[in-house]
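Every number in this text was worked out from the coordinates using simple rules, so none of it is lab data. Small disclaimer: the values here were computed from a predicted structure and weren't measured. Heads up, the Cβs are rebuilt from the backbone with ideal geometry, glycines too, and the neighbour counts pull from every protein chain shown.
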Amino acid sequence: MKISYKQIVDCLSKYSINITSSLEENSLFSKISSVSNSTNDDLSFFSNIKYLDDLKKTKSKACLINKKYVKYLPENCNPIIIDEPYFAFAILSNLFFRKDNKSNGIISKSSFIDKTSIIHKNVQIDPFTYIEKNTEIMENVLINSGCRIGPNVVLHKNCVIFDNVSISNAIIMENCEIQSGARIGGSGFGFDDKSKQKIYHNGNVIIGKNSTIGSNTTIDRAVFDSTKIGNYSQIDNLVQIAHNVILGKHSIIAAQVGIAGSTSIGDYVKIGGQAGISGHLHIGNNVTIAGKSGVTKNIDDNKTVAGFPAKDIKLWKKEIIKISINK
């Protein structure tokens, strides 16, 4: 299905984004794509100066672009002038490509639901999914095949649980997506160091609304209280979040990050891939941790750190330069 320019304008206006273009409202686009791979029926976007040469040769019908780069567009491409092209692309990618995962209200006969569980209206449960005791599933939840939900789980409305997910001892707030293979609410890694006596974890996991948990990510239940993930958090694949971790709202965590137990992380934090964070630390708000960093100390608000042990990124860069010069 083709998307009209009017649909694009209407979609962006919901986010109070203003655009300028000479395109007619009924101009149609087949898809949105990169400037290098687009055709004369496509909408493209330009947000990274590294692709300036590709921009000059693009074959797209129109391009989402900041006005300072319009002069580089070929004549065949109509500029759609916008302050933040990448933000607009993120929104429009959903308009062009997203197929909403919505419940069809069918509970498969090949699924199992414990008699103590409560299932609200319009819930979809696909084959070979097992709903254990003391579980409550709210309206419009979709659960794919091969999942194990419970015991002691609440799934709030409009959650989507992809295939082969395991959730126990957890509260998942509304509009969350749990990607394939994630494990939420399992026992944490804790024991007495001398005797190796394992500590029983009796807490749970709480995941805030509108959050996404990536494939094969694990989030362990707390020892006493709750491991908490803040609202609007985006967690990538293969991330390990240990018991009693507190993660603030609007957090972004890239793949293969490991966060040890009882560490508190503030709001709007970004953590690069393969970073490791020690336990019992406090990470402030608006902190950025570069990929492959090793965090062993507390970090104040608004800091950017890198390296091992992680330090202010300016100091880290200076050290790298010194090492390069002395080689």
Would you work out which of SER4, SER33, GLY208 lies farthest towards the positive end of the dipole of the chain? Charges go on Cβ: Lys and Arg +1, Asp and Glu -1. SER33
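Over the stretch 155-200, what relative contact order in percent results from Cα pairs under 8 Å that are six or more residues apart? Walk me through the numbers before you get to the answer.
Numbers: 70 pairs, mean separation 15.6, N = 46.
Over the stretch 155-200, the number comes to 34 percent.
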Any idea which of VAL239, ASN48, PHE96 is furthest toward the positive side of the dipole for the chain, if Lys and Arg beta-carbons carry +1 and Asp and Glu beta-carbons -1? ASN48
Comparing LYS270, LYS68, LYS317 in a Gaussian network model of the chain (Cα, 10 Å), the one with the largest mean-square fluctuation is LYS68
Please identify, among TYR232, TYR268, TYR72, the residue showing maximal mean-square fluctuation in a Gaussian network model of the chain using a 10 angstrom Cα cutoff. TYR72
Å³ per residue enclosed by the Cα convex hull of the stretch 3-97: 83
If packing is taken as the average count of other Cβ atoms within 10 Å, what order do 106-114, 169-177 fall into, highest mean first? 169-177, 106-114
For Cα Rg over 2.2 N^0.38 Å, the choices are (1) 1.27; (2) 1.18; (3) 1.09; which was calculated from the structure? (2)
Partner aspartates and glutamates for LYS121 [C-alpha distance under 17 Å; skip if fewer than 8 residues away on the same chain]: GLU136, GLU139, GLU174
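To make sure I understand, if each residue's beta carbon is the centre and we count other beta carbons within 10 Å, what order do ILE252, ILE161 fall in, fewest to most? Can you show the working numbers first?
Numbers: ILE252 15, ILE161 30.
Neighbour counts put them in this order, fewest first: ILE252, ILE161.
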Cut-off under 15 Å on the C-alpha distance; same-chain residues fewer than 8 positions from LYS109 excluded. Which aspartates and glutamates are left, in chain and number order? ASP126
Inter-centroid distance (Cα atoms) of the stretch 246-298 relative to the stretch 60-116, Å: 28
What helix-only [θ] at 222 nm does the chain give? Using -39500 (n - 2.57) per DSSP H run of at least 4, over all residues, to the nearest 500, the answer is -3500 deg cm²/dmol
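Quote the charge dipole size of the chain about the Cα centre in Debye, to the nearest 20; the model charges only the Cβ of Lys and Arg (+1) and of Asp and Glu (-1). Numbers along the way, then the final one.
Values: 39 positive and 29 negative charges, 158 e Å.
Magnitude of the dipole: close to 760 debye.
Show me 225-231, 119-125 ranked by packing, highest mean number of other Cβ atoms within 10 Å first. Don't skip to the answer; put the middle values down first.
Details: 225-231: 21.4, 119-125: 18.1.
Result, highest mean first: 225-231, 119-125.
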Restricting to lysines and to Cα separations under 25 Å from LYS6, and discarding same-chain partners fewer than 8 apart, the set is LYS14, LYS31, LYS59, LYS61, LYS67, LYS68, LYS71, LYS99
